[in-house]
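Worksheet: the structure to be examined is printed underneath.
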Amino acid sequence: MKDDLLALRDLDDGWLDRRVFWDRDVYELELERIFARCWLFVAHESQLPKPGSFLTTWMGEDHVLVVRRRDGSIGAYLNSCPHRGNRVCTAEAGTARGFVCNYHGWSFDLDGRLAGVHESAAFGREPTFDRSKLGLTPVAQLDTYKGLVFATFDPDAPPLRDFLGDFAFYLDVMLDNDEGGTEFAGGSITSVLDCNWKIAAENFAGDALHAGWTHASGAEAMLGRGVAGLSGDDTESYHVNVNGHCWEFNLDGVGNAATLGDRRIIDYLRANEARFTERLGPLRAKMVGSISSVNVFPNFSFLPGQNTFRTWQPKGPHRTELHTWVLVNRDAPEEVKDAWRKGAMMTFSPSGVFEMDDGENWELATRANQGVVTRRQRLYYGLGSDTAIEHPELPGNVHRGQVNDANQRAFYRRWSELLRAGTWDEVPS
Ligand code: FES
Ligand code: FE
């Protein structure tokens with residue numbers, strides 16, 4: 001790969017090479033150096049309520065099986081049989097005592113060990129090979145942060161807490177409550193977009209600019225007004241980023257809570273404002289329910305307010321599989337949880353008003369790079385290049401103004417650092 005493609009020189013000037021959205025060798029390097037190396041979101045603990053609970057998901061293009069083991073701990077393994085490679089679990093989620101491969105009948109227990117081989121039944125004797133070497137391949141590290149389960153294939157990756165760094169301060173706006181923590185409301189949706197995964201991730205990292213334009217008609221149809229609360233000059237709105245994790249938000253609080261406009265959600269947020277303030281402090285309490293968007297590097301995004309949580313799973317340079325869930329506070333009233341779930345379906349699902357707006361733009365933006373001449377042009381990421389500030393309360397890199405490209409630049413800076421680094425030691429912290 002040409003070094004100039006990964007250079008930060010252009011990015012510092014606000015330009016990005018279009019090949020990052022198109023070239024197959026860039027994509028393969030992303031699988032190696034980002035998806036096989038970073039901590040990736042694999043589950044919410046609420047999806048694995050008891051021993052034997054499992055789900056299958058993706059870490060890059062590697063299919064993994066995430067399981068609640070008998071001792072209550074969580075394990076994650078490559079979902080591929082060490083015999084001939086077949087998937088050992090073909091379900092998306094469920095409860096099991098173990099997993100039996102459909103090809104030759106080898107069975108695996110909840111901690112991934114090879115429990116039985118069909119051969120012994122067939123020949124009436126023990127196999128000659130060492131079973132202990134033939135379990136499912138586990139991830140290198142697995143850890144949780146306040147309900148969210150992350151895993152990495154890299155034994156040398158820094159601990160999850162260091163990978164998140166000061167971004168945990170912001171994550172707590174969603175995850176830290178005195179209502180029994182959080183959970184995913186029942187069900188999930190999978191859909192496919194013909195776009196590069198980064199177009200979606202960078203949108204959630206900080207693209208407030210598109211909201212007032214792309215989603216204007218959807219907001220008008222749903223709420224009878226445009227998307228409120230976005231202003232590039234607004235001193236009470238920010239782009240913040242830490243280690244490539246990005247959050248853009250304003251401090252209008254419940255005032256513009258949840259573009260869903262559902263009274264039950266707004267009433268719930270208002271009724272609990274004092275408790276949020278006590279727990280999070282006045283500044284972060286105003287982030288609860290304000291219009292904002294987040295991407296945890298590389299591909300785990302959510303929208304506070306709408307509470308849609310999602311992963312952008314890479315399926316080649318021009319295809320992305322989108323998995324979505326809805327996060328709710330565990331002890332919130334059932335009608336509020338239901339309002340959030342339905343609201344997210346109406347806005348951010350394959351048939352939701354806002355999701356459809358975004359998908360078409362991302363697909364066309366990706367597809368444009370098929371043209372060899374178009375691909376030679378660069379893309380502009382220079383908005384808000386003079387907006388960096390020091391903030392007395394907000395950690396990380398802080399930029400003033402919600403309409404900004406600061407977080408997108410931070411996302412691609414981290415992307416470039418990881419692609420260029422041979423080991424974690426070479427990745428700046
Ligand atoms: Fe799984 Fe043969 S491939 S038992
Ligand atoms: Fe959008």
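Computed from the coordinates by the stated procedures, all read-outs in this text should not be read as laboratory data. From a predicted model like this one, the values you see are computed outputs, not experimental measurements. Neighbour counts are summed over all protein chains in view; Cβ atoms, including those assigned to glycine, are modelled from backbone coordinates with ideal geometry.
The table for this structure:
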{"quantity": "Inter-site label distance for R161 and H391 at 7 Å from Cα along Cβ, in nm", "calculated": "2.4 nm"}
{"quantity": "Descending semi-axes in whole angstrom, ellipsoid equivalent of the range 291-422, from the Cα gyration tensor", "calculated": "29, 23, 15"}
{"quantity": "Full-stretch length increase - R84, S217 - with 0.36 nm per residue and alpha-carbon distance subtracted", "calculated": "42.7 nm"}
{"quantity": "In order through the range 167-172: 3J(HN,Hα) via Karplus (6.51 cos²θ - 1.76 cosθ + 1.60), integer Hz, x for Gly, Pro", "calculated": "5, 4, 4, 7, 4, 4"}
{"quantity": "Charge context of W325, other residues only, Cβ under 10 angstrom, K/R +1, D/E -1", "calculated": "+1"}
{"quantity": "Under 30 Å between alpha carbons - lysine pairs in the chain that sit 8 or more apart or on different chains", "calculated": "17"}
{"quantity": "Cα-Cα P(r), the range 6-133, percent of pairs per 5 Å interval", "calculated": "2, 9, 15, 16, 14, 12, 9, 7, 6, 4, 3, 1, 1, 0, 0"}
{"quantity": "Within a Gaussian network of the chain (alpha carbon springs, distance under 10 Å), most fluctuating of R284, R376, R409", "calculated": "R376"}
{"quantity": "Separation of the R264 and L134 label points, Cα + 7 Å toward Cβ, nm", "calculated": "5.3 nm"}
{"quantity": "Residues V100, V88, sorted so that the one with the fewest Cβ neighbours within 10 Å comes first", "calculated": "V100, V88"}
{"quantity": "Fewest-first sequence of M345, M356 by Cβ atoms within 10 Å of each Cβ", "calculated": "M356, M345"}
{"quantity": "Efficiency of FRET between R330 and A7 - r from beta-carbon atoms, R0 60 angstrom, step 0.05", "calculated": "0.85"}
{"quantity": "For I291, I189, order by how many other beta-carbon atoms lie within 10 Å, fewest first", "calculated": "I189, I291"}
{"quantity": "Inverse of mean 1/r across different Cα pairs in the chain, Kirkwood, Å", "calculated": "22.6 Å"}
{"quantity": "Value of [θ]222 nm, deg cm²/dmol, for the chain, DSSP H segments ≥ 4, -39500 (n - 2.57) each, nearest 500", "calculated": "-8500 deg cm²/dmol"}
